[in-house]
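Report on the structure given below.
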Amino acid sequence: MSERKDAVIIGGGPAGLAAAVALDNLGIHDIVILERESQLGGILRQCIHDGFGLQRFGESLSGPEYAERFISEVRRRGIEYHTDATVISLTEDRKVEAVTPSGLLGYSAKAVVLAMGCRERSRGSIMIPGERPSGVFTAGSAQAYMNLYNRMPGREAVILGSGDIGLIMARRLTLEGIRVKAVFEIQDHPNGLDRNIVQCLDDYGIPLYLRHTVTDIHGGSRLEGVTVSEVDERCVPIKGTEKLYPCDTLILSVGLRPDNGLLKDAGIAIDPRTDGAIVDEHLMTSIPGVFSSGNVLHVHDLADFVSLESEHLAASVAAYLSGGLGSGMDVSVRCGSGVGHTVPQKVVSDDGFTLSLRVRSVMRDAVISVSQGGRRIVEKKMRKANPAEMIMIDIPGGSVCPDGDLEVVAG
Amino acid sequence: MLHFFDAAVIGGGVVGSAIARELSRYELSIAVLEENPDVVCEASGRNSAVVHGGFAYDRGSLKARFCVEGNRMMDELSTQLGFRFIRCGKVLVGNTDEDLRQLERTMAQGFDNGATGLELIDGKRLHELVPAVNGSFAMLSSSSGIMDPFLFTINLAENAAENGARYFLSHKVISIARKDGRYLIHTAEDDFSVRWLFNAAGKGAKDISDMLGITGYRVIGSKGNYLVLDKRLGPLLPMPVYPVPSNTYMGIHVTPTVDGNVTVGPDAINTDDFGYYGVPADRMEYLRESASTLWPHIDRKDVIRTFSGILAKWVDDKGVIQDFRIEVRDDIAPGAVNLIGIESPGLTAAVPMARYAISLLRDRFDLEERKDFDPVHATAKRFAEMTSEEKAAAIAGDSRYGSLVCSCEEVTEAEVIRAIHNPLGVHTMTGIKYRTRAMMGGCQAGFCQMKIEQLLEKELGIAPEDVRYLRDSSWVLAGKMREG
Amino acid sequence: MKRTLTCIICPNGCSLEVEKEGEEITVKGNLCRRGAEYAREELTAPKRTISSSMRLIGGDMEIVSVRLDRPVPKEMIFPVMDAIKSASAEAPVHIGDVLLHDVLSTGADVIATRNAERKEGR
């Protein structure tokens, strides 16, 4: 009862949509998108603020508008998609099973595209001490309540974490009449884009406290307040600096992680640094024919980059389906000093590719260099390198040889 | 409003619900008065979820007796009530000569208590059973196990309700008066006139006892904090691993849950604040470090949640922890069964304890057995546990089985809706969580809570500001953003 | 007068060195022309755009997302928000539909940013 497909795309957000349209452009028409929500678009549906599309379309769009550019292409081309379709199993031989209200869907795919996006780190995962009242929301949950469901999460809020969603939510809450008392960030630098500090916090007089974190949560029923402390260089709270902020809402914007549950079930090798799949320069995972891009591979800063990466993935899938995918090498990409992670983590051909990475700490006048066996391949100079911003470096075709690891260092 | 019942059970936790269920075997009208909006808000839902063997309690104690009986009964209860119970065994690991002597004493006590399946095992066997454990030898208790504490309690309550017991949630008892041979119970909501009553109020049992005039008990809180680890770790831990115990404290242990998570804890901190469940930062670190000496896989990165529970322990003047006290004081409060100091192993012991409590009443009054009591609580197979064929059939029968609400735990809209219309009338967000596992997964409700909130509004016809999380005043939303 | 501004036009977020001498404004640090325009405007008459939601009648959901098609003076943000809060749109609505024309005479239109089809019986 499983239907054959050239490609099954799991996830109908920015990654899956871009991959589908690009595959169709490349002549791969026997494809299907499986989306668990009732509409295509993924997280973009709730990102109603503008700033999307500047890289990809050269204009500033809201999330839903950006998504619609791809959705209308999917519809126009008649690409098959199913909404309300949650994939519950993926096997090593690329069998995909999804649950839908009209029954189970089973596919046997030549190629599978993992495009499930990411999820937010929760209160538990960062081990915030204290009681467990209602009123503690991840930024994305609060955003969904407001922008999709027309629901107000509270009246008086404190925000932990200066990631972009937290900053965007600070402005959104303020515009809706919810008082945002402050944003606290444990690091010594903001995690979101500078423009969002200006237009989401400064414009509304919302203070941002760096090197501060929530060290206690109060309230046996609904949240009554949070205790905030200063932290030292190792991010350990400093005794004696505790300050109580009464509030009924705590918004957490403390990081995103790939939504990798399906990868674990399928036995796909995962990079503990990204929590996404280990991939080669074709974005192929440890299971042949299974590819991954977007935030389920590694968390991106901008949807535009997710689209671009997924279009690159589509080219790889097309080459794989025609048997023309480069191979023959087995080179690991090593994270040298200053580098937190890279994508890809390995290189199997001398095809050119884009190396994505994040540095470990804020660096001024940084140099990122990629070398192999002491031979420098590429060097990128940057006025400022910041862990909050993904760095992309083009590795030209023919520059990687079969011998020795590729080493990436930043300093 | 004044209600008349034959019997009231004060407290709807695992012990109160076990009493209600066992009492519903008789021709009686029964009211269960629970102060919270659900039955698993306190100790019954805040523990290690271990089914104990009965070796760790003093010889001749009620704790030992009911624990051994409860352990023996657990397979049958699991089948009747449809909650998961796995008799996986557990180990108490030691390293020193003193540890060995203590384990020998524990084992001897266990034999005398009637506990079965106890043996000392060497390091080789220990590491076959639990590969990564740190320890040179261990006492294995193969009759011990793990269970779903939420559904054990909930299904006892629902089975009681199916057999006619009525649950009054959010009914906190404020005072009790004796009048014309009956008890008049005044609650924050309605009043109740009953002939008999059971004090199964757990952390509130001392207050109820005082209201009955049975005064003088000293009860202290012992708070245990826990970490919950990701499901990645469940497969690495086949059974609970404990340190060598003392007779009053089991020690910090690592325990697999029936759902494949691992819990770490509890510590034991004395407290007199029975309403504060906050988990402090230093305790989290302490739990992680302490349990890492037993089992090396505990990494901050895998922590998905923390929680705590508070046991109400009856102590003497010197602070020494006492046995369960289950009594009828004919001189002070005739017809009232008073349960004091009900703590661990209360989960394992709940049903035999309930039968004993009822026997005290039966010794004094004629109770007529019902012919139509049904001990079986019908449960539907969880979607996540169905085969593909069963899933397809379920969706064909009800398309709401084809809508996944929680993808981490694979919980469907059909299951959430059934949970919303539970027979006890529990309408909280956590009520859905404990009944379905939605919101318990790796994303900790990031994706599904909005859908569950929306379903609660729709199914119950309530406004967004009337949705509650766990307690009566734990509002979730301030209202609609755009009215109209 | 010298000031440092962060450009908010695009995610690059250029750090702009702005100097004002009389009517003369010079801008350094911008990667594109729009950065210079932003800095001049920010010094003389700062403007912002808004994204929000409007009540939707007869649609698939209770609200439809909206934004302004051009920035409005900063001091008009909250008055414009009030106008959006008290307005409503009737489904169907499509991306780009003008839901409030020339809102509060700012010259900006409030436009829909998602498609919402009509849903009967709601």
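The values are calculated or read from the model by the stated rules, or taken from the named source; none is laboratory data. Being a predicted model, the structure only gives us computed values, none of them experimental. Quick reminder, even Gly has a Cβ in these numbers, built from the backbone with ideal geometry, and neighbours come from all protein chains shown.
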Restricting the stretch C:68-81 to residues that are closer than 11 Å to C:Val103 by Cβ and part of a strand (DSSP E or B), the one farthest from the other protein chains (Cβ to nearest Cβ) turns out to be C:Val72
Residues of the stretch A:354-379 being surrounded by fewer than 17 Cβ atoms within 10 Å (Cβ to Cβ), in contact with a strand residue (DSSP E or B) (Cβ under 9 Å, 6 or more places away or on another chain) and basic (Lys, Arg), in sequence order, are A:Arg360, A:Arg364, A:Arg376
When the stretch A:315-334 is checked residue by residue, the ones that are in a helix (DSSP H, G or I), among the aliphatic types (A, V, I, L, M), touching a strand residue (DSSP E or B) at 6+ places or on another chain (Cβ under 8 Å) and within 22 Å of A:Val400 (Cβ to Cβ) are A:Val317
The residue from B:Ser17, B:Ser78, B:Ser24 that alone is buried (at least 24 other Cβ atoms within 10 Å of the Cβ), touching a helix residue (DSSP H, G or I) at 6+ places or on another chain (Cβ under 9 Å), among the polar types (S, T, N, Q) and more than 18 Å from B:Asn113 (Cα to Cα) is B:Ser17
Of the residues in the stretch B:360-376, those that are outside any helix (DSSP H, G or I) and in contact with a Leu (Cβ under 9 Å, 6 or more places away or on another chain) come to B:Leu367, B:Glu368, B:Arg370, B:Pro375, B:Val376
When restricted to A:Ala182, A:Ala157, A:Ala142, the only residue touching a Lys or Arg at 6+ places or on another chain (Cβ under 9 Å), in a strand (DSSP E or B) and not assigned by TED's automatic domain parsing to the domain that holds A:Val362 is A:Ala157
When restricted to A:Glu131, A:Glu92, A:Glu80, the only residue touching a residue at least 40 places away in the same chain (Cβ under 8 Å), facing chain B (nearest Cβ under 10 Å) and not β-branched (Val, Ile, Thr) is A:Glu131
The stretch A:335-374: strands (runs of 3 or more DSSP E) wholly inside it with 3 or more residues that are free of Cβ contacts under 8 Å to residues at least 60 places away in the same chain are A:353-359, A:363-372
Within the stretch C:82-122, of all residues that are in a strand (DSSP E or B) and more than 14 Å from chain A (Cβ to nearest Cβ), the one surrounded by the most Cβ atoms within 10 Å (Cβ to Cβ) is C:Leu100
Across the stretch B:170-184, the tally of residues that are buried (at least 16 other Cβ atoms within 10 Å of the Cβ) and touching a Leu at 6+ places or on another chain (Cβ under 7 Å) stands at 4
In the stretch A:134-158, anything charged (D, E, K, R) and without any contact (Cβ under 8 Å) to a residue 24 or more places away in the chain is listed as A:Arg151
Can we say B:Met481 is more than 30 Å from B:Ser17 (Cα to Cα), of a type outside the set (Lys, Arg) and either without any contact (Cβ under 8 Å) to a residue 24 or more places away in the chain or not assigned by TED's automatic domain parsing to the domain that holds B:Asp230 (or both)? yes
C:Asn30: passes all of (1) polar (S, T, N, Q); (2) within 23 Å of C:Lys119 (Cβ to Cβ); (3) surrounded by 16 or more Cβ atoms within 10 Å (Cβ to Cβ) but (2)
Of the listed residues (A:Gly161, A:Gly192), the one being of a type outside the set (A, V, I, L, M, F, W, C), over 19 Å from A:Leu223 (Cα atoms) and touching a residue at least 60 places away in the same chain (Cβ under 8 Å) is A:Gly192
Inside the stretch B:275-306, the number of residues satisfying the requirement of being within 11 Å of chain A (Cβ to nearest Cβ) and assigned to a loop (DSSP other than H, G, I, E, B) is 6
Turns out the helices (runs of 4 or more DSSP H) fully within the stretch B:82-162 with at least 3 residues that are assigned by TED's automatic domain parsing to the domain that holds B:Pro240, aliphatic (A, V, I, L, M) and farther than 30 Å from B:Arg370 by Cα are B:97-113
Any residue that is surrounded by fewer than 22 Cβ atoms within 10 Å (Cβ to Cβ), at pLDDT 95 or above, closer than 22 Å to C:Arg114 by Cα and more than 21 Å from the chain's Cα centre (by Cα) - is there at least one of those in the stretch A:87-104?
no
Report task. May I ask you to verify whether A:Ser122 is in contact (Cβ under 8 Å) with a residue 24 or more places away in the chain, among the polar types (S, T, N, Q) and either away from chain B (no Cβ under 14 Å) or outside any helix (DSSP H, G or I) (or both)? Result -> yes
Original post:
Are any of the residues in the stretch A:52-64 in a strand (DSSP E or B), within 14 Å of chain B (Cβ to nearest Cβ), at pLDDT 95 or above and in contact with a strand residue (DSSP E or B) (Cβ under 8 Å, 6 or more places away or on another chain)?
Top reply: no
Checked against (1) outside the structural domain of B:Pro352 (by TED's automatic domain parsing); (2) surrounded by 16 or more Cβ atoms within 10 Å (Cβ to Cβ); (3) under 30 Å from B:Thr79 (Cα atoms), B:Lys203 satisfies every condition except (1)
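So that you can scan it fast, the table gives a plain yes or no per residue for (1) within 30 Å of A:Pro190 (Cβ to Cβ); (2) hydrophobic (A, V, I, L, M, F, W, C):
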{"residue": "A:Phe291", "(1), (2)": "no, yes"}
{"residue": "A:Val296", "(1), (2)": "yes, yes"}
{"residue": "A:Ala314", "(1), (2)": "no, yes"}
{"residue": "A:Ser322", "(1), (2)": "no, no"}
{"residue": "A:Ser332", "(1), (2)": "no, no"}
{"residue": "A:Cys335", "(1), (2)": "yes, yes"}
Residue hits (the stretch C:8-22; more than 7 Å from chain A (Cβ to nearest Cβ) and on the phi < 0 side of the Ramachandran plot) are C:Ile9, C:Asn12, C:Cys14, C:Ser15, C:Leu16, C:Glu17, C:Val18, C:Glu19, C:Lys20, C:Glu21
Exercise. Answer yes or no: is there a residue in the stretch B:395-402 that is among the aliphatic types (A, V, I, L, M), in contact with a Gly (Cβ under 6 Å, 6 or more places away or on another chain) and crowded, with 22+ Cβ neighbours inside 10 Å.
Key: yes
| Within the stretch A:106-119, is there a residue that is crowded, with 22+ Cβ neighbours inside 10 Å, touching a Gly at 6+ places or on another chain (Cβ under 9 Å), over 19 Å from B:Gly441 (Cβ atoms) and within 9 Å of chain B (Cβ to nearest Cβ)? | no
Just one listed residue, out of C:Arg70, C:Arg114, C:Arg48, is within 23 Å of A:Arg69 (Cα to Cα) and within 14 Å of the chain's Cα centre (by Cα), and it is C:Arg70
Being over 17 Å from the mean Cα position of the chain (by Cα), surrounded by fewer than 24 Cβ atoms within 10 Å (Cβ to Cβ) and under 23 Å from B:Ile321 (Cα atoms) narrows B:Arg218, B:Arg288 down to just B:Arg218
If we take the stretch A:229-305, then strands (runs of 3 or more DSSP E) inside it with 2 or more residues that are closer than 19 Å to A:Val317 by Cα are A:290-292
